[in-house]
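> Below is a structure I'd like to ask you about.
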Amino acid sequence: MTDRVPVLKIGEILLVSIQTDLEDQMVMDLQEDLSNRIVADDARGVVIDISALEIVDSFVGRMLATNAAISRVLGAETIVVGMRPAVAMTLVELGLSLQGVRTALNLERGLKLLRRLSASRA
């Protein structure tokens with residue numbers, strides 16, 4: 001049995017805090033868990049905190065973009081927060097622009113951005 005990444009609820013926002021390097025099965029489980037929680041909780045936003053990740057590869061980069069796309073289709077915006085400069089440089093070097101994924105420097109800024117986006121949609 002693999003570990004699962006917790007998905008926490010804060011009002012209409014789901015928080016995913018990735019605290020360890022992700023194995024392939026963990027990524028697949030996260031996609032399923034997150035999409036189910038968006039629907040079950042009627043979430044309007046998702047924050048994915050990657051501040052604990054020191055390195056990323058193309059698989060993790062694609063996972064972030066895929067999770068954001070799934071969330072968007074289900075009616076929730078996604079913000080990735082806590083990206084380290086080295087991670088940002090690696091993603092760019094890998095040619096992963098994370099299209100459709102909004103970013104913020106930290107959790108506080110990410111939550112503010114989601115609230116602003118939610119208010120503009122209302």
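> Mind jotting down a quarter of the surface of the convex hull over the alpha carbons of the chain, in square nanometres, one decimal? Spell out each step's value before the answer.
Values: hull surface 27.7 nm².
Convex hull of Cα atoms, orientation-averaged projection: 6.9 nm².
> Counting only heavy atoms of protein chains, what accessible area per residue, in Å², does the stretch 1-42 have with a probe of 1.4 Å?
61
> Below 8 Å between Cα atoms, with a sequence gap of 6+, how large is the relative contact order for the stretch 55-97 in percent?
Once normalised by length, the contact order is 59 percent.
> Follow-up question, since we're still on this one. Residue-wise, which Karplus ³J(HN,Hα) couplings in Hz belong to the stretch 14-24, taking 6.51 cos²θ - 1.76 cosθ + 1.60, θ = phi - 60°, and x for glycine or proline?
Those phi angles translate into 9, 10, 10, 10, 8, 10, 8, 4, 8, 8, 3 Hz.
> Here's another thing I want to ask about it. For the chain, modelled as a Gaussian network with Cα springs under 10 Å, which listed residue fluctuates most, Leu107, Leu96, Leu64?
Leu96
> May I pose another question? Just flag the GluC sites (Glu not before Pro) in the stretch 20-79 sitting in loop per DSSP whose Cβ has no more than 13 other Cβ atoms within 10 Å. Don't jump to the answer; show the numbers that get you there.
Numbers: sites: Glu23, Glu32, Glu54, Glu77; in loops: Glu23, Glu54.
Of the GluC sites (Glu not before Pro), the ones in loops of the stretch 20-79 whose Cβ has at most 13 other Cβ atoms within 10 Å are Glu23, Glu54.
> Also, I was wondering about something else. Under 8 Å for C-alpha pairs, at least 6 residues apart: give me the relative contact order for the stretch 1-88, rounded to a whole percent.
31
> For Met63, Met28, Met83, give the ranking by accessible area with the largest first, probe 1.4 Å.
Values: Met63 5, Met28 100, Met83 45 Å².
Result of the area sort, largest leading: Met28, Met83, Met63.
> Just to confirm the filter: which trypsin sites (Lys or Arg not before Pro) across the stretch 1-68 are DSSP coil and have at most 12 other Cβ within 10 angstrom of their Cβ?
In loop regions of the stretch 1-68 (DSSP not H, G, I, E or B), the sparsely surrounded trypsin sites (Lys or Arg not before Pro) are Arg4.
> On the protein heavy atoms, probe 1.4 angstrom, tell me the percent of accessible surface of the chain carried by carbon and sulfur.
53
> Then there's this: Tell me the net charge near Ala68. Cut-off is 11 Å between Cβ atoms, Ala68 excluded, with +1 for each Lys or Arg and -1 for each Asp or Glu.
The answer is +2.
The values are calculated or read from the model by the stated rules, or taken from the named source; none is laboratory data. On a predicted model such as this, the values are computed, not experimentally measured, just so you know. Note that each Cβ is placed from the backbone with ideal geometry, even for glycine, and that neighbours are counted across all protein chains shown. Surface accessibility is based on the protein's heavy atoms, side chains included, excluding ligands, DNA and RNA. Shrake-Rupley method; radii C 1.70, N 1.55, O 1.52, S 1.80 Å.
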